[in-house]
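J.: Okay, handing you the structure first.
The values are calculated or read from the model by the stated rules, or taken from the named source; none is laboratory data. Computed from a predicted structure; not experimentally measured. Virtual Cβ from ideal backbone geometry, glycine too; neighbours counted across all protein chains shown. Accessible surface areas use protein heavy atoms only, side chains included; no ligands, DNA or RNA. Shrake-Rupley method; radii C 1.70, N 1.55, O 1.52, S 1.80 Å.
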Amino acid sequence: MSRVSAPTKEPVPSKKHLQDSTQSSTTVIEHVLSRLKDIGISKVFGVAGDFAFPIEDAIGRDPGIEWVGCSNELNAAYAADGYGRIHGIAALNTTYGVGELSAICGIGGAYAEHVPVFHLVGMPNLPTQAARAVVHHTLGNGEFDFFRKMAEPVVCASAIMTPQNVAYETERLIAEAFYHRRPVYMALPTDVANQPIVSNSAPLDPPKSDPASLERTVAEISEALRAARTACILPGFLANRAGLEDAVQAFVDASGLPFATMFADKTTLEEQQAAYIGMYDGKLMNEAVREFVESCDTVVLIGTIFSDFNTGAFTFHLDPEKTIDIRHHSTHVGTKVYPNVEMKDVLAELARRVTKRNQKPPLQAGSLGPEKGAGSDPITADALYPRWAQFIKPDDIVVTETGTSSMGMAFARLPKGAKFYNQSLWGAIGWATPAAFGAAVAAPHRRVVLITGEGSHQITAQEIAQFGRRGLKPIVFVLNNSGYLIERLLCENPDFSYNDLAQWRYSELPNALGCTNWFTARVTTCGEFDQALKTASQGDRAAYIEVVTDKYAASPLAMKLHESVKTLYQR
Ligand SMILES: Cc1ncc(C[n+]2csc(CCOP(=O)(O)OP(=O)(O)O)c2C)c(N)n1
C-alpha cells in the first residue's frame, strides 16, 4: 500500500546486462542510470554544478528519469531520504566538494536509519586530478580523494567509476545498498562519465538463507512460542525498510499474537487492528502496555533497535533470554545466534508453521484524549495534540520532526493506512520539511501532513518552495512555541538564550517562496485553530498553518523526558 512500485525487489538480470558490452556505445553515466532505472529509480534529487554536468545532462536527455531540483544539497539529501522511506530506494546527485559535503549530514541520517540512497557525485576530470591542479571546489592542495574518504563512514560502499570498472562496480553498489539498506557513493569524473563502457557484468545474486539454519531457527521460534504462556510481537522499522510489512502482518495474523510498537517503529503495521495494543515506551508512557510486554514469556522483535528514544530513555526491560530478535540477515533466539537466515524467509516460514492462538488481545490501543479548549482559549498541549490526531485521515503520510511535536503525535492512534515518519535515531532537526517534500514526490496522490517545530523549520524552510513548484498540496503545521522547547526541557537552564530564535512571520513564507493559492493562517486560540483545521481539511489546496502556543506547552512524552534526563543521558 505505501510503496509506489516494488523497487525493493532484488535486482534481476535483464538481457541488456548479459550482452557483450565491450564494444558498447553506452557511456559510463548512461550505464549507471540505466541500471538505476532497472531497480526502480525514476527520480534524482539534487542541486546542479559544473563537475556534475555530465550526470545532469544524461538525466536531462533520459525520458525515463526525472530531475527533482532542490534548494540546497542538505535538503536534497533529506528529500531523497523521505522519498526512499516510501519508495524503497532513492537517488541524489551533487557536485564535487561543496555539494557533496553539504549533503553529508543527510546521508548520515539515511545510513543510521537504513534508507538506501544512491549518491552520484560529479568530480573534476582525470587530467586535472593527475596535475593536482588548483581548481574550484577543492581545498587548493591538489588532493582529490578527501571527499570520498569523508563519505566513507556514512555509506555502505563507494566507487569511483571508470569505463573498465563501471559495470561491475554498479552491480556491487546495487547489491550492497540492497543488502544493508543503506546509502552508497558513486563518483564520476567529468571526462569518464561520457566515455563508452568497456566492461560488462550481471547483477549479483541477493543473499539466500542457509536451509538447515533456517529450519533450526524456525523450529526453535515455533517451539518457544508454543511453550510461552504469553507472547507478543514488536514489529520494527527495519522490516519496513526491507519492504516486508506484508510478511510481518502475515506472521501476526497467523500467530494470533498481539503487537505493540516503539517510537521509531510507529505504523510499521496498520494501527487500526485488534492485535495492536499501543505504543511501548519503557516506563515513560503507557504503563499497561509496558506491563504486558515486559511480563510476556516471549517477545518477538522484528527489525527494531534499542536506541534511547525507542526505549523510553532506556527505561525498558526485556529479558534477553526471553527475546527473539529477527534481523535482516540473522536471528537471535534468546542468547543463540543464527547468522545465515534472511528476515523474509524466517517470516514466511513462521507464517506457514506457527500455531494460531485464539486469544482476545490483552489491551486495546488508546489514542489521545478529547480535544480541550474552545473559542478564545489559548492552544495548550491538551488542546493541540488531540486536534492534530483528529485531523489525520486514512492513508495520510504524516512526517514529524524531532522535537516536542513528534513526541506528542507518536501517541495518537492513526487511522487505517496512515503512515508516521520520523528521524528518531539520527534526529537532525530540519529533516522533516524536505523529507515531507520527498514523500510527496513519492506519493503525489496521498495527503502529506508535515508537523514541525519552528526551530527545526528555520533550518530547511526553503524546501516549501519545491512543493509549490511541483503543484503538490501538503498540509504544513509549524508549531511556534518561541524557541527550542525540547532543549529547554533537557538543558540546565531553560531560559539560556541559546534556546531562543529569531521570530519569523511564518505564514508569509509560502507566498514569498512562490507557492500560489495556498491557504495560510497564524492561529493563537482554539477557535482560530478549529477554523483553520476545517479549511485545511477541505483538501482542495495546500495549507500552511502556524500554530502559536505558550513557550512551555509540551507534549506528555516531552515532559517525561524532562523528568528522565538521568536515564536518557545515562548520567
Ligand atoms: C541539526 C541539529 N542541530 C541541533 C540539534 C539539537 N536540537 C534537538 S531538538 C532542537 C530544538 C527543536 O526545536 P523546535 O523545532 O522549535 O521544536 P520544539 O521542541 O520547540 O517543539 C535542537 C536545536 C539537532 N537535533 N539537530
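J.: Quick check on my link table: of LYS37/LYS416; LYS419/LYS560; LYS419/LYS534; LYS473/LYS534; LYS336/LYS416, which ones sit more than 27 Å apart, alpha carbon to alpha carbon? Display every interim value, and only then the final one.
T.: Values: LYS37/LYS416 32 Å; LYS419/LYS560 25 Å; LYS419/LYS534 22 Å; LYS473/LYS534 16 Å; LYS336/LYS416 37 Å.
Correct reply: LYS37/LYS416; LYS336/LYS416.
J.: So, with +1 on the Cβ of K and R and -1 on the Cβ of D and E, and no other charges, what is the size of the charge dipole of the chain about its Cα centre, to the nearest 20 debye? List each step's numbers first, then the result.
T.: On the way: 52 positive and 62 negative charges, 216 e Å.
Charge dipole, the chain, about its Cα centre: 1040 debye, nearest 20.
J.: Top to bottom by accessible area (1.4 Å), largest first, where do GLU321, GLU56, GLU294 land? Working shown, then result.
T.: Details: GLU321 120, GLU56 25, GLU294 45 Å².
Result, largest first: GLU321, GLU294, GLU56.
J.: I've got another one for you. Just need the relative contact order of the chain here, percent rounded to a whole number, with Cα pairs under 8 Å and 6+ apart.
T.: Details: 1284 pairs, mean separation 73.7, N = 571.
Value for the chain: 13 percent.
J.: Here's a follow-up. Can you give me the accessible area per residue for region 415-571, using a 1.4 Å probe, in Å²? Intermediate results must be reported in sequence, preceding the final value.
T.: Details: 6530 Å² over 157 residues.
Heavy-atom SASA per residue in region 415-571 reads 42 Å².
J.: Say each of ALA250 and VAL565 gets a label point 7 Å from the Cα, pointing the same way as Cα to Cβ; how far apart are those two points in nm?
T.: 4.9 nm
J.: How far apart, in nm, are the 7 Å Cα→Cβ label points at TYR168 and TYR498?
T.: 5.0 nm
J.: Whose amide H sits under 5 Å from the amide H of VAL476, counting only residues 5 or more places off or on another chain, with H placed in the peptide plane?
T.: Hits under the 5 Å cutoff: LEU450, ALA543, TYR544, ILE545.
J.: I've got another one for you. Report, ordered by chain and residue number, the lysines lying within cross-link reach of LYS566, taken as a straight Cα distance under 20 Å and ignoring same-chain residues fewer than 8 apart.
T.: Result set, ordered by chain and number: LYS283.
J.: Quick one: work out Rg over Rh on the C-alpha atoms of region 94-198, Rh as Kirkwood radius. Please list the in-between numbers first.
T.: Numbers: Rg = 13.7 Å, Rh = 14.0 Å.
Rounded to two decimals, Rg/Rh equals 0.98.
J.: Taking H as built 1.01 Å from N, whose amide H comes closer than 5 Å to the amide H of TYR421, not counting residues under 5 places away?
T.: Here the answer is VAL398, VAL399, THR400, since their amide H atoms fall under 5 Å of that of TYR421.
J.: For CYS105, CYS526, what's the largest-to-smallest order of accessible area, 1.4 Å probe? Don't jump to the answer; show the numbers that get you there.
T.: Details: CYS105 50, CYS526 0 Å².
Order by accessible area, largest first: CYS105, CYS526.
J.: Between VAL547, PHE391, GLN164, whose Cα lies farthest towards the positive end of the dipole of the chain when Lys and Arg beta carbons carry +1 and Asp and Glu beta carbons carry -1, centred on the Cα centre?
T.: PHE391
J.: Now, a different point. I'd like the accessible area for ARG470, computed on protein heavy atoms only with a 1.4 Å probe and all protein chains in place. Round to 10 Å², please.
T.: Counting only protein heavy atoms, the figure is 90 Å².
J.: Would you calculate the separation in nanometres between label points at ALA130 and VAL198, each defined as 7 Å from the Cα along the Cα-to-beta-carbon direction?
T.: 1.3 nm
J.: Same structure, new question: In cubic angstrom, how much convex hull volume per residue do the alpha carbon atoms of region 218-327 span? Write down the numbers at each step before the final one.
T.: Values: hull volume 10.3 nm³, N = 110.
So the per-residue Cα hull volume is 94 Å³.
J.: What is the magnitude of the charge dipole of region 169-240 about its Cα centre, with +1 placed on the Cβ of each Lys and Arg, -1 on the Cβ of each Asp and Glu, and no other charges, expressed in debye to the nearest 20?
T.: Values: 7 positive and 9 negative charges, 81 e Å.
It works out to roughly 400 debye.
J.: Using 1/(1 + (r/R0)^6) with R0 = 60 angstrom and r between the beta carbons of PHE146 and ASN517, what's the FRET efficiency to the nearest 0.05?
T.: Values: r = 46 Å, r/R0 = 0.77.
Taking R0 as 60 Å, the efficiency between PHE146 and ASN517 is 0.85.
J.: Counting only DSSP beta bridges with both residues in the chain, tell me the antiparallel percent, nearest 5.
T.: The antiparallel fraction comes to roughly 10 percent.
J.: On to the next question. Probe radius 1.4 Å, ligands and nucleic acids left out: which of ARG226, ARG35, ARG353 has the largest accessible area, and how do the rest follow? Mind showing how you got there, number by number?
T.: Numbers: ARG226 155, ARG35 0, ARG353 80 Å².
Order by accessible area, largest first: ARG226, ARG353, ARG35.
J.: When the accessible area of the chain is computed with all protein chains present and a 1.4 Å probe, what percentage of it is carbon and sulfur? Please report the intermediate quantities before stating the final value.
T.: Working: 11650 of 21970 Å².
Here carbon and sulfur together make up 53 percent of the probe-accessible area.
J.: Beyond 20 Å, what percent of the Cα pairs of region 346-454 remain?
T.: Tail of the P(r) past 20 Å holds 54 percent of the pairs.
J.: Still on this model: In the chain, if every C-alpha pair distance is counted and binned at 10 Å from zero, what percent goes to each bin?
T.: 3, 17, 26, 25, 18, 9, 1, 0
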